[in-house]
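What follows is one structure encoded as structure tokens, with my remarks underneath.
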Amino acid sequence: MSLYTEVRHPRADARQPQDLDHATSGPASLNARLAAWITARIGSMWTVYICLAVTAVWMVLGSRQVLGFDPYPYPFLLFLGNVVQLLLIFVILLGQQVLGQTADRRSMRTYDDAEAILVDCEQIQNHLIAQDAHLRTGADPRPSDTAALARSAVLARSAVLAEVPPMTGEQYVGFNGRLAARLTGKVATMTAFYVAVVFQAAWMVTGQVFGFDPYPYLFLLFLSSLIQLVLMFVIMVGQQVIGRAAADRAVQTYLNAEAVLHACEGLQAHLRAQDRAIRHVVGRLRRDCELPGNLPAALVAGPDGEWVGKR
């Protein structure tokens, strides 16, 4: 029969191995999957190489000396580039939001694991304290051993509890921070991406039909450039927020890991103190039974593993 019945943290039994690079908080929506697909396809150096190659070939073939379909200053190429840049800004903002949410989930899982470890350490410490009491009833330990056991128990119980890590949203402070968070929340969605696509397509059609902004759609390019300029600053704010949140999470993760290490050091000290007490008890039993070099043959183990005395 065990001397102590532990009560484990729920996280210890509920935890399952997870792929942290693709972990989500629930079923991914169509928009989330589409955003992930777009980001995976364009977020590579191959996209940069292809973009440079297409631009160079377009400029050569579009010149007046070759095919002449888009001569200098390449108005259609500039128009296409502007449209693509505006759409990709929404994808970048959405990617920032996804990165922040994923980092928050990872940090919370790390916190839950650290808290479960500390709870388990406390349960082990309680088990050791129960063993201390059993050792004291079996034989009179030396005063130095009793004091060492008491000190190690106090050391292990003084472990600092894990703290909840800071979330990305907590980094938006003050009026400017709240405004940036509101702008990011509104435009960092696939809905904003769809609205931008529909708006630009409708503008080009109506502008060409009614003649208020015909090809090369100069006013549309002006609006697009203005929106891109504003959103670029929003992206920079988002990068700063993600960086601050990552730094704060790293500090908190370090502190939580330090608390776990402190708890483990306390357990190790307690085990060393128990080793000394056990050696003293075993040595005394050997001397009493006059069997040097062996465990007391006159003692036998009971059905629950405890020493019950002579047969």
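Name the pairs whose Cβ atoms lie under 6 Å apart, with the first residue in the stretch 166-190 and hydroxyl-bearing (Ser, Thr, Tyr), the second assigned to a helix (DSSP H, G or I) and modelled with pLDDT under 70, and 6 or more positions between them or separate chains?
none
Restricting to the stretch 89-103, give me the number of residues that are of a type outside the set (Val, Ile, Thr) and over 12 Å from the mean Cα position of the chain (by Cα).
The number of residues fulfilling the criteria is 6.
Collect the residues in the stretch 257-277 that are hydrophobic (A, V, I, L, M, F, W, C) and either surrounded by 17 or more Cβ atoms within 10 Å (Cβ to Cβ) or in contact with a strand residue (DSSP E or B) (Cβ under 8 Å, 6 or more places away or on another chain) (or both), keeping them in residue-number order.
Across the stretch 257-277, the qualifying residues are Ala259, Val260, Ala263, Leu267, Ala269, Ala273, Ala277.
Quick one: in the stretch 60-85, which of the residues that are without any contact (Cβ under 8 Å) to a residue 40 or more places away in the chain and under 45 Å from the mean Cα position of the chain (by Cα) is farthest from Val195 (Cα to Cα)?
For the stretch 60-85, the residue satisfying everything is Leu77.
Kindly evaluate Thr47 against the criterion of being touching a residue at least 12 places away in the same chain (Cβ under 8 Å), outside the structural domain of Phe193 (by TED's automatic domain parsing) and farther than 21 Å from Trp203 by Cβ.
no
Kindly evaluate Tyr254 against the criterion of being farther than 29 Å from Arg33 by Cβ, of a type in the set (Phe, Trp, Tyr), surrounded by 15 or more Cβ atoms within 10 Å (Cβ to Cβ) and at pLDDT 80 or above.
no
Among the residues of the stretch 210-246, write down those that are modelled with pLDDT of 80 or more, assigned to a helix (DSSP H, G or I) and small (Gly, Ala, Ser).
Ser224, Ser225
The values are calculated or read from the model by the stated rules, or taken from the named source; none is laboratory data. Quick caveat, the model's predicted, so the values are computed rather than measured. Please note: Cβ atoms are built from the backbone with ideal geometry, for glycine as well, and neighbour counts cover all protein chains shown.
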